[in-house]
Amino acid sequence: MTDSNIEFGDIHWLMDILQNIDVGLVVLDRQYNIQLWNGFMESHSGISPQKAKGENLFELFNEIPKDWFMKKAEPVYQLKTRTFTIWEQRPYLFRFKNYRPITGRASVMYQNTSIIPLESINRSVDHICVIIYDVTDIAVSREDVQSAHQTLNELNRTDQLTELSSRGYWLKDIEREFLRCQRSVLPSTLVMFDLDDFRTINGRYGHQAGDEVLRSVSEGIRQTLRQTDHVCRFGGEVFAALLVDTDEEEAVVFAERIRKMIERMEVRHDQQSIHATASLGIARYQKGFASAQDWLQAADKALYHAKESGRNKTTVYQPKAH
């Protein structure tokens, strides 16, 4: 076998590899006309190499942003350095449908792209090679993980029974608002409220009935709130509200609206009518509070006073005179 036969065989094998490799290969000249279009590109675009050859890339695929692509490609021509894009920056270069059965949830093929210089014999770069990698499996898996994290964060932020904010998430709001109040002249107020004799409701009607009462109260609270109000299920049958830029008088109006709403509420469960009342404690931010915990304890003291003095009432925290 002669050397020329070996070289011809090598070229034949190379072309066979280029046409069957599982990445897209596109060679462009200095005017961005297509000079090579392999089998991967034909399979996903439906355009044969014979038809693609000589066609201008941007005319054949007008969805490719010309300015953006040229900004990526020109340094490859001029500096002889490769560049790349990843799907997080731009989901795809060529809008190909996703045909992979494992990742059928994705409508398009996510792509990473490399652009490499092709030097001629005289070391000039008159052509570049664009390599297209199908990374749909990776992208979909990453998006699944991100979606799972987002769902977990939402679950952590929300009490599942009442669909109000969770205690942990609400306490972070209090910390932020406490710091803001230290710098602001506008007051903010906490309201804590507790359903009276809730254990009796659970004991008489059952825990499912108790849950239904909590859901009904929570729905009534949501209909009463302003957009700036933050309410959580603090624990068990205890709720807490942060009323931003609200003084004690305005907080009393809010609290009394909640108290009367609960007092009027009738919850039907297993053909039984259930009624409840609530006691509420109010504490406006005071400069004497050393921490958000002090603020919260003041509202809790007001709530305790309301329950000790007869229940189904609203009490405002009164700081001790020095």
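Things to note:
- Working from Cα pairs under 8 Å separated by at least six residues, relative contact order for the chain is 12 percent.
- Gyration tensor (alpha-carbon) shape descriptor, the stretch 222-263, a/c threshold 1.5: oblate
- Carbon + sulfur, % of accessible area of the chain - ligands and nucleic acids excluded, 1.4 Å: 50
- Degrees, to the nearest 10: 66-79 long Cα axis against longest axis of the chain: 50
- Calculated accessible area for the stretch 249-322 comes out at 60 Å² per residue, all protein chains present (probe 1.4 Å; ligands, DNA, RNA ignored).
- Positive-pole candidate from ALA251, SER309, GLN271, dipole of the chain, charges at beta carbon: SER309
- Angle between the chain longest axis and helix 292-308 axis [Cα atoms, degrees, rounded to 10]: 40
- Of every Cα-Cα pair in the stretch 179-247, the percent that sits beyond 18 Å: 47
- Within a Gaussian network of the chain (alpha carbon springs, distance under 10 Å), most fluctuating of PHE58, PHE96, PHE178: PHE58
- Placing pseudo-labels 7 Å out from each Cα toward the beta carbon at ASN122 and HIS275 gives an inter-label distance of 10.0 nm.
- Among ILE138, ILE258, ILE121, residue whose mean-square fluctuation peaks in a GNM of the chain (springs only between Cα atoms under 10 Å): ILE121
- Directionally averaged projected area (the chain, Cα convex hull): 29.0 nm².
- Using the 1.4 Å probe convention, the accessible area of the stretch 175-223 works out to 53 Å² per residue with neighbouring protein chains retained.
- With an a/c value of 1.5 or above and a/b not larger than b/c for the gyration tensor axes a ≥ b ≥ c computed over the alpha-carbon atoms, the stretch 56-100 is described as oblate.
- Summarised as an ellipsoid, the stretch 179-322 has semi-axes of 29, 15, 12 Å, derived from the eigenvalues of the Cα gyration tensor scaled by 5 and square-rooted, with the largest first.
- When GLU256, GLU119 are compared by accessible area of protein heavy atoms, the largest-first order is GLU119, GLU256, using a 1.4 Å probe.
- The angle separating the long axis of helix 207-224 from the principal Cα axis of greatest extent in the chain is about 80 degrees.
- Per residue, the average separation of C-alpha pairs within less than 8 Å and at least 6 apart gives the stretch 242-318 a relative contact order of 31 percent.
The values are calculated or read from the model by the stated rules, or taken from the named source; none is laboratory data. These numbers were taken from a predicted model, which means no experiment stands behind them. With ideal geometry, Cβ positions are generated from the backbone for all residues, glycine too; neighbour counts draw on all protein chains shown. Surface areas here come from the heavy atoms of the whole protein model, side chains and all, with no ligands, DNA or RNA. Shrake-Rupley method; radii C 1.70, N 1.55, O 1.52, S 1.80 Å.
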